[in-house]
Structures are given as structure tokens and as C-alpha cells.
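Before any comments, here is the structure.
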Amino acid sequence: MAKVTFSQCSENRQVMLLVITQVVVIALMATLTTYGPEASPTPSRNHLGAGGKSDVKSSRNPMRIYSNVHVMIWIGFGFLMTFLRRYGQSAVGLTFLTGAILVQVAILCDGVANWRKSEKAPLSLQGLLSADVAVAAPLISMGALLGKTTYMQLIFMGILELIVYTVNKHIGEHHLMAVDAGDSMYVHAFGAYFGLAVSFVFGVRDKPKEHPLEGPSYQSDIFAMIGTVFLWLFWPSFNSASLEGDDQQRAIINTLLSIAASCVIAFAVSVLVSKESKFNMVHVQNSTLAGGVAIGTAAGMMCEPIGALVVGCAAGALSVLGYKYLTPIIQKRLRIHDTCGVHNLHGMPGVLAGLFGALMAAIATETTYDYSLYEIFPARAPNSEVKLAEMRDNYGISAGLNRTAGQQAAYQLLALLVTLGLAVVSGLITGLILRASLWGSIAEEQKFDDSVHWELEEEAGHDLSSKSKEGSSRVIDQLPMAHI
């Protein structure tokens with residue numbers, strides 16, 4: 001009698017959990033959501049904007065931005081994680097699967113956050129864009145655990161993370177009224193430290209150690225560079241997705257300058273810290289993107305081109321030094337195994353973004369911003385009718401909390417601390433839950449190996465070659481993909 005392996009038993013259970021998850025999402029979507037006004041069948045909206053006027057001259061094109069962010073999430077993040085020599089199919093495939101289920105969950109979370117008791121939550125293109133941005137957080141966390149989990153562990157982790165992410169962002173935006181245009185605090189820092197906390201729980205049970213399949217190959221590094229280039233190209237869209245008008249243009253300019261500077265400095269520092277004074281592909285794949293994270297919080301602010309360039313340079317250097325010196329210490333001392341180095345690309349640059357955003361909030365004045373100061377920092381708008389009347393009538397500015405620049409900076413720092421605290425605590429709890437046998441687990445010898453979840457073409461080809469030697473008269477009716 002053939003022995004049934006753990007993976008065979010676990011696979012059937014995971015498939016059932018996956019189907020049940022999708023069924024639950026369908027039921028919740030039917031109960032809680034419907035089309036929003038923008039997507040409702042109104043004839044005039046097929047040709048005109050919601051206000052009855054053409055949107056052609058609008059500086060904001062949500063469809064284009066949505067497409068750009070969509071590419072970042074599925075192609076950028078997916079291919080960036082293909083650097084492992086025998087985990088490329090899982091990197092792209094599990095990003096595809098996890099993203100597909102989590103974007104539905106993110107839509108539900110966003111809908112519930114904006115839900116009214118008398119109505120279903122309205123769905124619109126802006127809601128889908130927000131959901132795409134939200135999915136980036138669990139995919140960042142996935143990078144810290146890549147190759148060490150089952151797909152249901154990743155999906156369940158993502159569901160719990162999106163719930164906490166939604167709560168944290170609601171606290172930051174509506175209660176603390178902190179500004180984070182590119183979601184560097186709410187997405188990048190949160191996702192990184194959440195994933196590291198989960199990895200810490202896994203490391204408590206199994207001490208991280210070197211694995212023969214953990215390294216890259218020549219081909220896998222090239223594939224990972226595809227993800228890097230896509231993320232680099234579309235990062236300005238990600239940071240400007242929630243903005244409009246001149247704020248959006250500043251965000252695009254600042255992001256491009258910052259991420260370009262981080263690219264140059266990452267290459268330079270990589271050579272300086274290398275024993276052979278050569279470029280390191282890990283640094284090029286990741287640290288070149290750090291500037292996009294570091295400028296995110298202040299992307300729409302008046303930091304001037306020089307500010308964006310300096311922040312990008314600092315982020316690129318910080319990220320490379322993190323990969324070279326900090327990652328080994330974290331793995332050895334804290335038992336936190338960070339497969340993709342999310343602490344260096346998303347964690348530290350995300351914290352830098354929060355600090356820089358607080359600095360820019362502290363020096364923001366009406367002289368520099370004019371009345372747009374109160375659009376960027378709504379909490380700084382006056383709450384007295386005498387001061388508010390003109391701004392409300394001419395610019396549509398609503399009453400705020402009359403905060404000073406210093407107070408706004410303090411709330412920016414508080415939002416960063418709350419984000420880090422919630423990420424670590426919820427990540428630790430999630431890690432403990434993921435250790436339950438219900439979600440399955442990956443044995444040490446199965447880590448970083450596509451064969452755990454995938455039928456590999458090279459193995460099928462080897463079996464086919466063996467069989468063809470036994471009888472050359474058999475006809476093969478399906479060509480390998482390489483010959484099509």
C-alpha cells in the first residue's frame with residue numbers, strides 16, 4: 001500500500017478552504033455591496049462626468065492610474081519575488097492567487113468602512129483603486145515569508161492583515177487626521193513589520209538557517225529585474241493615486257526625483273560595500289526602489305526638488321546598508337528570517353517617509369502653500385466662521401481643528417507609532433494563528449521549492465522522455481509550451 005505524503009493530505013484540505021473562502025466572499029459581497037452612483041446606469045454619465053461636465057480636461061484620470069497600480073501589484077510584486085532559483089512559479093503564481101482573493105476582501109473592508117446602515121456599501125472605480133493599494137500591504141508581508149508557507153497560510157494572513165490595515169488607516173486618516181499620500185506608513189511600513197512579526201513567530205519554533213534552495217540563479221535574477229523595472233516605472237502613479245490637481249503633479253514629480261536618486265545611490269553604495277567592488281543584484285533589485293517608499297508620505301507636499309532628491313539618496317543608501325549589515329543581525333539575534341528583505345525596501349524607508357512627512361508638516365505655512373495648505377492638511381483648517389467663510393465659499397474648504405504646524409507634525413509621528421504598534425502586535429497574533437494545523441505547513445526540506453504546489457514541466461518532461469524510450473511508436477499529441 002502506497003504511503004500518503006503530508007502534501008497530498010494537506011492539498012485537498014487547502015483546496016476546500018480556498019473554495020469556502022471564495023464562497024464566503026461572494027455571500028458577503030452580495031449582502032453588503034452594490035454599484036456606487038458613478039457606476040450606476042445613468043445615460044448622461046456615459047459621456048459626461050458625474051457633475052454633468054466633461055472630465056476630459058481633468059488632471060486626474062482614475063482609469064489610467066488604476067491600470068498602472070494594477071500592473072504594479074500583480075506584475076511588479078510578482079516578478080520581484082522570482083529571484084529564488086526554484087520558486088519562480090510560486091512567486092508569480094501565488095501572488096496572482098493571493099492578490100485575486102485579497103482584492104475582493106479589500107473591497108469588502110473598504111465598503112464596510114464606508115458602510116451606512118440604511119444602504120449597501122457603494123462600489124466605484126475609486127474603491128477598486130483603494131483596494132489595489134490595500135493589497136500591496138499583505139503582498140509586502142508575503143515577501144518576508146516567501147517560500148516558507150502554504151498558500152492558505154498566505155491568504156488567511158492577508159485577510160487578517162487587511163482587517164487590521166483598514167482599522168489602522170481609519171484611525172490615522174479620520175481620528176489622527178495624519179497625511180500619508182503615498183501610503184508609505186499605512187501600506188509599506190505596516191506591511192513590512194506585520195510580515196516580520198509573523199516571521200518572528202515562525203522563527204521561535206524553527207530557528208532560521210541557510211537552505212540550499214534559498215539563493216538565486218542567473219535566470220531567476222533576470223526575471224526579478226522585470227518586477228523591479230515595472231515597479232520603478234509605475235511608482236509615481238502609486239504615490240499620486242489619491243491626489244488631484246497640483247497635489248497630484250507634485251507627487252509625480254517628487255516621486256520620480258526621489259526614486260531616480262535612490263537608484264543611482266543604491267548602485268554606488270552597492271559597489272562600495274562589495275568585497276569585489278561590483279554591483280550586487282539584490283541591492284539593484286530592491287534598494288533602487290527605496291526612494292519611492294521614502295517620499296510617499298510627503299509626496300504631495302512642497303518639499304521642493306532638492307528635498308525629494310535628498311530623501312531618495314538617503315533611502316537608497318539606507319536600504320543597501322540594511323541588506324549588507326542589518327539583515328544578518330536580525331536573522332541571527334531575533335530569529336527573523338526575511339526572505340525578500342522587506343525590512344530594507346519597505347520597513348526602514350517607510351519609517352523614513354513618516355519622519356520626513358512629519359518634518360514637512362512642521363514647516364508647512366500658508367505663505368508657501370496658500371489656501372491649499374488646508375486641503376493637504378484638513379486638520380489645520382480654521383474652525384471659526386470668521387476665518388472659514390472666505391475659504392469655504394471660494395475654495396470649498398471645510399472646517400478643521402485649527403491645528404498648528406507643530407501639532408500636525410506631532411500627529412504625523414503619532415500615526416507612525418500607532419501603525420508600527422498595530423503591525424507588530426497583530427502580526428504576532430496572526431503568526432500564532434497560522435501555526436495551527438488547519439492551514440497546513442511546509443517542512444524544512446520543502447521550503448523554497450515549487451514542487452510543493454506545482455506540477456513542474458521539467459519533471460513531466462523527464463518522465464515523458466523515460467516513457468518514450470520504452471516504446472518509440474507512441475504518439476505525443478501535445479507539444480511542450482517552448483515549441484508553440
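The values are calculated or read from the model by the stated rules, or taken from the named source; none is laboratory data. Predicted model only: the values in this text are computed from it and were never measured. Note: ideal-geometry Cβ built from the backbone for every residue, glycine included; neighbour counts use all protein chains shown. When the accessible area is computed, the model is the full protein with side chains, heavy atoms only, and any ligands, DNA or RNA have been set aside. Shrake-Rupley method; radii C 1.70, N 1.55, O 1.52, S 1.80 Å.
Things to note:
- Contacts under 7 angstrom Cβ, first residue in segment 381-393 being more than 17 Å from Tyr369 (Cα to Cα), partner surrounded by 11 or more Cβ atoms within 10 Å (Cβ to Cβ), 6 or more apart: Asn383/Ala399; Asn383/Gly400; Asn383/Leu401; Asn383/Asn402
- Whichever residue in segment 177-227 is in a loop (DSSP other than H, G, I, E, B) and acidic (Asp, Glu) and, among such residues, is most open to solvent (accessible area, probe 1.4 Å): Glu210
- Tally of residues being open to solvent by 30 Å² or more (accessible area, probe 1.4 Å) and assigned to a helix (DSSP H, G or I) across segment 357-373: 7
- The residues of segment 421-452 that are open to solvent by 40 Å² or more (accessible area, probe 1.4 Å), over 30 Å from Lys169 (Cβ atoms) and not in a helix (DSSP H, G or I) amount to a single one, Ser441.
- Some residue of segment 134-142 being under 14 Å from the mean Cα position of the chain (by Cα) and over 27 Å from Val19 (Cβ atoms): no
- The condition of being aliphatic (A, V, I, L, M), at pLDDT below 90 and part of a helix (DSSP H, G or I) holds for only one of Ala389, Ala410, that being Ala389.
- Those helices (runs of 4 or more DSSP H) of segment 282-352 in which 3 or more residues are of a type outside the set (Lys, Arg) and farther than 21 Å from Phe238 by Cα occupy 304-321, 327-334.
- For segment 117-150, the set of residues classified as open to solvent by 10 Å² or more (accessible area, probe 1.4 Å) and either small (Gly, Ala, Ser) or closer than 14 Å to Leu94 by Cβ (or both) consists of Ser118, Ser124, Gly127, Ser130, Lys148, listed by residue number.
- Evaluation of Phe230 against the conditions (1) closer than 29 Å to Leu334 by Cβ; (2) crowded, with 20+ Cβ neighbours inside 10 Å shows that the sole unmet condition is (1).
- Meets criteria (within 24 Å of Asp246 (Cβ to Cβ), surrounded by fewer than 18 Cβ atoms within 10 Å (Cβ to Cβ) and not hydroxyl-bearing (Ser, Thr, Tyr)) for Asn394: yes
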